[in-house]
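Taking it in order: structure first as structure tokens, then the write-up.
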There are 2 protein chains.
Amino acid sequence: MEINELPKLHSDFSVDCVIFGFDKGELKILLIERAEEPFKNFMALPGNFVYDNEDIDGAAGRILRELTSLSDIYLEQLYTFGEVNRHPQGRIITVAYFALIKVKKHILNPQVAFARKAEWYSVADVPALAFDHSKIFEKAYKRLQSKIRYQPIGFELLPEKFTLSQLQQLYEVILEKPIDKRNFRKKILSFGLLVELDEKQKNVSHRAAKLYKFNKSRYNNLKKMGFSFEL
Amino acid sequence: MEINELPKLHSDFSVDCVIFGFDKGELKILLIERAEEPFKNFMALPGNFVYDNEDIDGAAGRILRELTSLSDIYLEQLYTFGEVNRHPQGRIITVAYFALIKVKKHILNPQVAFARKAEWYSVADVPALAFDHSKIFEKAYKRLQSKIRYQPIGFELLPEKFTLSQLQQLYEVILEKPIDKRNFRKKILSFGLLVELDEKQKNVSHRAAKLYKFNKSRYNNLKKMGFSFEL
DNA sequence: GCAAAAGTGTTAACTTTACACCCATGT
DNA sequence: ACATGGGTGTAAAGTTAACACTTTTGC
């Protein structure tokens with residue numbers, strides 16, 4: 001079927017999700033392969049139309065649940081893309097969302113309604129995407145890079161228990177620059193937001209590192225009192 | 001006419017603009033009085049449906065041009081509000097925009113299509129607004145307060161030529177805290193983004209202050225090279 | 001015993017903060 | 001001559017940046 005033979009849809013809105021994960025020292029995003037025209041066989045951001053009886057935030061949450069079978073995911077609205085000709089089937093604006101997930105905890109649903117398959121791509125290696133999704137991805141990536149410096153969102157990408165080196169590596173990968181180990185530890189511990197656990201790494205062929213977890217409720221309390229996280 | 005007798009519209013989208021101005025030492029926003037149901041006679045953010053043949057950014061620009069007859073206005077997308085029941089006439093999501101204007105330069109259009117009148121309100125004194133517009137205003141105000149600290153957008157609210165005291169007062173009003181005069185001047189001049197003019201204030205009953213203007217092209221150049229404005 | 005990453009302090013450079021008086025102008 | 005806001009410098013406190021070696025563990 002040719003693109004210009006596709007049926008026109010009425011004016012409507014969709015959501016698309018830029019889902020970041022961190023695995024094996026690399027920052028990744030989750031893409032789906034489109035099973036249908038338009039852009040059949042292209043990779044695209046997971047997305048869907050918003051149902052009449054759901055909030056747009058709810059639609060984004062639904063996409064994430066369908067893909068990952070989990071619902072405790074960091075999710076925030078990114079930006080709305082509404083150029084007249086962004087969608088070949090009509091005047092469709094899309095509200096883009098930005099999600100951070102703990103890769104290990106989430107098993108990808110092998111078959112979802114809107115896609116043939118879902119796959120993780122390194123952000124350095126994202127192919128040409130359907131629609132204006134490359135533009136959406138770029139904007140999300142920039143948002144992650146700036147937001148991680150003033151909000152403690154990096155923890156959303158790590159397992160519940162993590163080492164300081166893992167955390168540092170996450171920052172180095174996202175900010176694309178090396179960070180001094182001692183200065184990083186001093187700074188991040190000075191916030192008092194990390195809880196040192198009575199537990200160490202296992203099965204590593206070197207000195208095992210202490211594990212930490214992020215104290216989210218403490219962060220929320222401090223934030224109310226005007227505390228500002230600033231890396 | 002009762003609200004529940006209003007005709008239902010099909011699924012659609014609108015834009016609403018939070019337009020900030022600074023006048024007589026006060027931060028203001030521009031509101032319109034609604035001439036029609038729903039929320040007839042309530043004050044509301046200027047807004048309108050997006051036409052089928054215009055980008056959403058274009059629709060926001062159109063609202064501003066209709067209200068102010070000018071088009072060189074700072075405008076950025078704020079957030080999209082899409083709760084199912086936010087609009088009594090149907091499933092209408094709205095993309096909110098955030099604008100900063102130089103009050104003196106803009107003459108308000110006394111009569112625009114969508115309103116009976118337009119008026120400036122001090123942000124400390126905003127009445128209950130139609131729809132979810134109070135929520136939109138709150139979000140815009142917070143965005144202004146945080147953004148002004150890391151982007152030189154304050155200048156968009158001042159006349160072309162301004163004194164350092166006017167600039168300082170603008171920051172004090174927006175950030176809701178006093179700032180030390182000497183430290184402020186040292187900091188703001190250290191960026192090298194202000195041009196000292198060969199001109200002084202007129203008609204003031206005290207020593208006349210030097211006038212400055214903001215060097216926008218220099219800021220754009222520095223920004224490309226990684227410079228970051230941080231108050 | 002060696003490879004690999006964990007863990008740890010000090011100093012110099014820089015930035016931020018606190019603070020008070022004289023100057024120019026109009027009335 | 002007085003009222004009003006304009007304009008200016010310094011020192012102490014705090015923060016950031018640069019830098020190298022010892023420890024633990026598995027193989």
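The values are calculated or read from the model by the stated rules, or taken from the named source; none is laboratory data. Please read all numbers here as calculations on a predicted model, not as lab measurements. All Cβ positions, even for glycine, are placed from backbone atoms using ideal geometry, and neighbour counts span all protein chains on display. All accessible areas refer to the heavy atoms of the entire protein, side chains included, with ligands and DNA or RNA removed. Shrake-Rupley method; radii C 1.70, N 1.55, O 1.52, S 1.80 Å.
Counting Cβ atoms of other protein chains within 10 Å of each Cβ in A:91-97 and taking the mean gives 3. Solvent-accessible area assigned to carbon and sulfur over the protein assembly as shown amounts to 49 percent, based on a 1.4 Å probe. Working ranking of peptides A:222-230, A:92-100 by packing, defined as the average number of other Cβ atoms within 10 Å per residue, highest first, is A:92-100, A:222-230.
Taking all protein chains into account, the per residue accessible area for region B:101-231 stands at 60 Å² (1.4 Å probe). Distances between copies at B:VAL173, taken between label points 7 Å from Cα along the C-beta direction, are 4.7 nm in increasing order. Measuring nothing but label to label, 7 Å from Cα along Cα→Cβ, what are A:ALA208's distances to the other copies in nm, shortest first? Spelled out, the distances from A:ALA208's label point are 7.7 nm.
Let me confirm one metric for peptide A:80-90, namely the mean number of other chain beta-carbon atoms within 10 Å of its residues' beta-carbons.
The shielding value for this peptide is 4.
Take B:PHE227, move 7 Å from Cα toward the beta carbon, and the resulting point lies 3.5 nm from the same point in each other copy, nearest first.
Measuring with a 1.4 angstrom probe and ignoring ligands and nucleic acids, B:ASP57 comes out at about 80 Å² accessible. With a ≥ b ≥ c the root eigenvalues of the C-alpha gyration tensor of region B:154-224, is it rounded (a/c under 1.5), prolate (a/b larger than b/c) or oblate? The shape class here is oblate.
The overall shape of the protein assembly as shown is oblate: from the C-alpha gyration tensor, with semi-axes ordered a ≥ b ≥ c, the ratio a/c is 1.5 or greater and a/b is no larger than b/c. Measuring against 18 Å, Cα to Cα, the residue pairs A:LYS102/A:LYS216; A:LYS104/A:LYS186; A:LYS102/A:LYS224; A:LYS24/A:LYS102; A:LYS117/A:LYS161; A:LYS142/B:LYS139 contain A:LYS104/A:LYS186; A:LYS102/A:LYS224; A:LYS117/A:LYS161; A:LYS142/B:LYS139 as the ones spanning a longer distance. Beta bridges from DSSP with both residues in the protein assembly as shown: antiparallel share about 75 percent, rounded to the nearest 5. Axis between A and B by rotation; chain A residue with nearest Cβ and distance in whole Å recorded as A:THR80, 2. Modelled label positions at B:ARG116 and A:GLU230, each set 7 Å beyond Cα in the direction of Cβ, lie 4.7 nm from each other. Looking at region B:20-51, the trypsin sites (Lys or Arg not before Pro) that sit in a DSSP loop and have at most 15 other Cβ atoms within 10 Å of their own Cβ are B:LYS24, B:LYS40.
Could you work out the mean count of beta carbons from other protein chains within 10 Å of each residue's beta carbon in A:32-40?
On the way: counts 0, 0, 0, 0, 0, 0, 0, 0, 0.
Per residue, the number of nearby Cβ atoms from other chains is 0 on average.
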